[in-house]
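**Q** Here it is: the structure, laid out below.
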Amino acid sequence: DSKSKSSQPHWYERYVQPCVAELLGSALFIFIGCLSVVEDAEGTGRLQPALAHGLALGLTIAILGDI
């Protein structure tokens, strides 16, 4: 006898996993953004933090986007 899997997701997948993904994504975004301006070189101006935040956001979406 095969048991049918319920259509409802487990409570962990419904409540905990999205919260953990949001926490990790926000921490990565803020951490990389802050690190990009710690050692500000003279020639980069506003480009370095903008690129760092953009790459952090793209990385976060690529890794955690399925959740």
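The values are calculated or read from the model by the stated rules, or taken from the named source; none is laboratory data. Remember, predicted model here, so these are calculated numbers, not experimental data. All accessible areas refer to the heavy atoms of the entire protein, side chains included, with ligands and DNA or RNA removed. Shrake-Rupley method; radii C 1.70, N 1.55, O 1.52, S 1.80 Å.
**Q** For residues that are outside any helix (DSSP H, G or I) and either open to solvent by 100 Å² or more (accessible area, probe 1.4 Å) or modelled with pLDDT of 85 or more (or both), tally how many sit in the range 43-64.
**A** Filtering the range 43-64 for residues outside any helix (DSSP H, G or I) gives 43-46.
Still in the list and also either open to solvent by 100 Å² or more (accessible area, probe 1.4 Å) or modelled with pLDDT of 85 or more (or both): 46.
So the count comes out to 1.
**Q** Can you pull out the residues in the range 14-42 that are among the acidic types (Asp, Glu) and modelled with pLDDT under 85? Spell out the reasoning first.
**A** First, pick out the residues of the range 14-42 that are among the acidic types (Asp, Glu): 22, 39-40, 42.
Selection gives 39, 40, 42.
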